[in-house]
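Okay, structure first, notes after.
The values are calculated or read from the model by the stated rules, or taken from the named source; none is laboratory data. Treat the numbers as computed from the prediction; the structure is a model and nothing was measured. Heads up, the Cβs are rebuilt from the backbone with ideal geometry, glycines too, and the neighbour counts pull from every protein chain shown. For accessibility, only protein heavy atoms count, side chains too; no ligands or nucleic acids. Shrake-Rupley method; radii C 1.70, N 1.55, O 1.52, S 1.80 Å.
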Amino acid sequence: MEEMPDPSHLDGEPVVSTVPAVESEPLASGWRTGLPELAGSLVTLRELRNGDATSLFAAMTNREVTRFISPPPAAVEGFERFIAWTHRQRTAGQSVSFAIVARGSDVAIGLFQVRSLEPDFGNAEWGFALASEFWGTGMFLDGARLVIEFAFDVIGAHRLEARAAVTNMGGNSALRKLGAVYEGVLRKSFLRHGEFHDQSLWTLLANEWHDAQAPRVSQVIH
């Protein structure tokens, strides 16, 4: 899967979305001091580490992965700056970023991000990227459920928005499989390589998500 918020523009602060950043009040919560590990059946989600820069560079600069996202950092050093920035954003209560790691491994093969669009994450945006060799393995759906539950149950988000290029069939199909609701097309809303692209807007609401899920418990590893 290749849709994710934008980790580029590392000459200054990287933006995490195609949506303009919104100032929000810092959220006083334990996750601001460090993210827990979330264990699924196929993947573990954990805080990004500086040592993840090399594997993320390899995963996210693959041509298949970059087709529908803003250009990622062009060097490992850019990913190191991006990882440091995610820690500052988490401390400030603005966003969280999880590395995706296959169970039994410790190598980051992708990432999930959730960022606040309004104070206290009432409305939030999420995105993701996964190395192309792991597409179709079930790892995305396994990790996505973990990060969605974390956003709703721990951070306290009410609504999660995701954007996928209209031509990104895989990304749109994955969001549909998760139960996200298609709300329409954001016309010419995403600029990439000098060209504006249409995006599909998909949303999840906390109450609808909980009603739709069979009882499941996310294992938090301390």
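Here's a check for you: in segment 90-108, which residue that is more than 13 Å from the chain's Cα centre (by Cα) and of a type in the set (Val, Ile, Thr) is least open to solvent (accessible area, probe 1.4 Å)? Filtering segment 90-108 for residues that are more than 13 Å from the chain's Cα centre (by Cα) and of a type in the set (Val, Ile, Thr), the one least open to solvent (accessible area, probe 1.4 Å) comes out as 101. State all residues of segment 145-192 that are acidic (Asp, Glu), buried (at least 16 other Cβ atoms within 10 Å of the Cβ) and not in a strand (DSSP E or B); if no residue qualifies, say none. Scanning segment 145-192 gives a single hit, 149.
For segment 34-74, taking the residues that are modelled with pLDDT under 95 and more than 21 Å from residue 95 (Cβ to Cβ), the one that is most open to solvent (accessible area, probe 1.4 Å) is identified as 63.
I need a count of the residues in segment 193-216 that are of a type in the set (S, T, N, Q) and not in a strand (DSSP E or B).
Matching residues across segment 193-216 total 2.
Taking the conditions (1) modelled with pLDDT of 95 or more; (2) in contact with a Gly (Cβ under 8 Å, 6 or more places away or on another chain); (3) not in a strand (DSSP E or B) in turn, residue 78 satisfies each one other than (2). Going by what's in this entry, would residue 146 be described as under 14 Å from residue 41 (Cβ atoms) and not β-branched (Val, Ile, Thr)? Judged against the criteria, residue 146 is a match. Since residue 219 meets every condition but one in (1) in contact with a strand residue (DSSP E or B) (Cβ under 8 Å, 6 or more places away or on another chain); (2) modelled with pLDDT under 95; (3) of a type outside the set (D, E, K, R); (4) surrounded by 14 or more Cβ atoms within 10 Å (Cβ to Cβ), which condition does it not meet? So residue 219 meets the others, but not (4). Per the conditions (1) part of a loop (DSSP other than H, G, I, E, B); (2) within 17 Å of residue 173 (Cβ to Cβ), the sole criterion not satisfied by residue 93 is (2).
As a summary of the residue check, residue 172 satisfies the conditions (1) under 16 Å from the mean Cα position of the chain (by Cα); (2) farther than 21 Å from residue 64 by Cβ except for the one numbered (2).
Taking segment 120-142 as the range and being open to solvent by 20 Å² or more (accessible area, probe 1.4 Å), more than 12 Å from residue 157 (Cβ to Cβ) and either polar (S, T, N, Q) or more than 13 Å from the chain's Cα centre (by Cα) (or both) as the test, the residues that pass are 132, 133, 134, 135, 136, 137, 138, 139, 142. Which pairs turn up if I take residues in segment 127-144 that are over 14 Å from residue 175 (Cα atoms) and in a helix (DSSP H, G or I) and look for partners that are among the basic types (Lys, Arg) and at pLDDT 95 or above with beta carbon separation below 6 Å, at least 6 apart in sequence or on another chain? Note: no pairs meet the criteria.
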